[in-house]
Structure formats: structure tokens, C-alpha cells
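So the structure is just underneath, and the comments pick up after that.
Rule-based calculations on the coordinates, nothing more; no lab input. Source: prediction; values computed, not measured. FYI the Cβ positions are ideal-geometry reconstructions off the backbone, even for glycines, and counts take in every protein chain you see.
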Amino acid sequence: MTVLNLKNIEKSYPSPKGGTLQILQDINLKIEKGETIAIIGRSGSGKSTLLSLMAGLEKPSSGTIEINQEQIATFSEQQLANFRKQTLGIVFQQFHLMPYLNALENVALPLELQKNKQAQKIAATWLDKIGLKNRKTHYPSQLSGGEKQRVAIARALINNPTLLLADEPTGNLDEATGEEISQILFELVKEKQMTLILVTHNKELAQVCDKRFLLQQGVLNEITI
Ligand code: ADP
Ligand code: MG
């Protein structure tokens, strides 16, 4: 089953100097359920922009995006919100944790927003699962980079998303910690049979994925390295 289908996607931004800045030119990408895909490309090549489009956070200038065979452009605000809550998980390079919530509260947040009474209990089992049993009441400022990313991963997965978008999840971590985090991420992706779209500069990490794509000059091409 096709989870995500991008057809002829173009994206341009208004240039501060006037005119437009074309970031993505003609992106075509079809991803099947359970596939793991790595996207690599230089800084500024448009990788984060591409993920924002997949997440429905930004709209393409032209082209269509289908999620589970439905066009995202036809979604109502409610449908889009449900898609983000039920289907999608996102992990960022900069963690994006809430500074005024502790580790447990950060992980529980997506469930709290859905008024799930078990939120904290479920979050606690996730913290155990990712090896942060003893960090529940730590605030982000009291956690290491690797620990912050673990919290962010648990938060992204607590809704059991079928599609996980990860934007350079190890980009801010040292090599050893990055490897640990990648391992945790891949174990969970396999365990939950999630579909993964991973933006990374790490060749080894890209190697573990089923397919690899290079984003260059606005175009995405599968590569065989
Ligand atoms: P990457 O993630 O590959 O480093 P980005 O997707 O963040 O690249 O950015 C691609 C290009 O798009 C950059 O040149 C950036 O300056 C530009 N860009 C990104 N977001 C915006 C925006 N909201 N408005 C204008 N230009 C943007
Ligand atoms: Mg980026």
C-alpha cells in the first residue's frame, strides 16, 4: 500500500530581493507502507522544506501530495489535524522540546492534548522503553543532547504514528550518541512497522534504509551507494 505519493512537486518562496526562489523543482516520490527512506543533500538543498510539505505544514507551489491515497490539499483543517495526530510523528534536529515541561510531561503532551487520562502512565512506559526511567522529572535544560532526542523520539511515537519523519535526528549529537539514537530509532521503527523518511548526513545511517535519495538542485534522485 502506498503511504505517501508526491507528484510533480514544486516549491518556491518569495525572494527577499523580489522575484521567487525555487527550492524544489519536480519531485516525484512514492513510498510504500513499512519502507525506510533516507534523503541526503547539502545544507540548503530543500530537505526540511520537503519534509514540511509531507507533514502538511507547508503547501507546494504546484503538484499533489497523497497520504494514504488521499490528496492532502483536499483535507479540511480538522482532517489535517487528525492526520497529524493519528498518522504522523516528527523528530527534529533541534529536539523542539517544551522547556517548561519535564521529560515525562513532554512525552505525555500529545496524549494530554487528546485528553487521554492515561497520558502520564503511557508516557512513563515510553521513558522506560527508551532508557530514561530515571530522568522523568528532569527538564530539557537538565538533559544531555542524546537524552533530549530520546524524549523527542518517545513524544513522536506515543501516538503510534504510521509515518515517521525524522529531520537530521542525529545532526546535533556526537558520533557515539548519534549511533545510539539511530539504533533506538530503527528498532522502534521496525517493531512498530512504521514507514520512515529520514533526512541525514550520516552515510551509515542512510545505508540502513531500504532506499536512498539525493536532493540536488531541486530534484530528487534515487542513488545506489
Ligand atoms: P535543508 O533542510 O536542505 O538545509 P531547507 O529546506 O531548510 O534546506 O531550505 C532550503 C532553501 O529554502 C534555503 O535556501 C532556505 O533559505 C530557503 N527557505 C526555507 N524556508 C524558507 C522560507 N520560509 N522563506 C524563504 N526561503 C526559505
Ligand atoms: Mg534542514
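Highest mean packing first, where packing is the average number of other Cβ atoms within 10 Å per residue, the peptides 165-173, 120-128 line up as 165-173, 120-128.
Considering only N160, G178, S141, whose Cα is most displaced toward the positive end of the charge dipole of region 128-195, charges sitting on Cβ of Lys, Arg (+1) and Asp, Glu (-1)? Looking along the dipole axis, the top candidate is N160. For the residue pairs K7/K33; K85/K192; K30/K211; K7/K59; K7/K203; K11/K59, alpha carbon separations beyond 19 Å are given by K7/K203.
Charge tally around L188: other residues with Cβ under 12 Å, Lys/Arg +1 each, Asp/Glu -1 each, net +2.
Rounded to the nearest 10 degrees, the inclination of helix 119-129 to the longest alpha-carbon principal axis of the chain is 90 degrees. Distance between the 7 Å Cα→Cβ label points at E58 and E191: 3.3 nm. Most tightly packed first, judged by the mean number of other beta-carbon atoms within 10 Å of their residues, the peptides 67-79, 206-218 read 206-218, 67-79.
Per the Debye calculation on region 1-125 with a single equal scatterer at every Cα and no solvent contribution, log₁₀ I(q)/I(0) for q = 0.11 Å⁻¹ amounts to -0.50. At a Cα cut-off below 13 Å, give the aspartates and glutamates reachable from K121, other chains included and same-chain residues fewer than 8 away excluded. Partners within reach: E105, E112. The angle between the Cα long axis of helix 175-191 and the longest principal axis of the Cα atoms of the chain comes to about 90 degrees, rounded to the nearest 10. Counting every C-alpha pair in region 159-203, the share spaced more than 11 angstrom apart comes to 66%. Over region 93-152, the ratio between the Cα radius of gyration and 2.2 N^0.38 Å evaluates to 1.01.
Placing +1 on the Cβ of every Lys and Arg and -1 on the Cβ of every Asp and Glu, with nothing else charged, gives the chain a dipole about its Cα centre of roughly 500 debye. Spread over its residues, the convex hull of the C-alpha atoms of the chain is 134 Å³ per residue.
Computed from the C-alpha gyration tensor, the three semi-axes of the ellipsoid equivalent to region 94-225 are 28, 16, 13 Å, from longest to shortest.
As a calculated quantity, the FRET efficiency between M1 and S141 at R0 = 41 Å, using C-beta atoms, amounts to about 0.45. In terms of its C-alpha gyration tensor, region 136-192 comes out oblate, because a/c is 1.5 or above while a/b does not outweigh b/c. Between the helical axis of 103-113 and the longest alpha-carbon principal axis of the chain there is an angle of about 60 degrees. Over the chain, dividing the summed -39,500 (n - 2.57) contributions of all DSSP H runs of at least 4 residues by the number of residues returns a 222 nm mean residue ellipticity of -10000 deg cm²/dmol.
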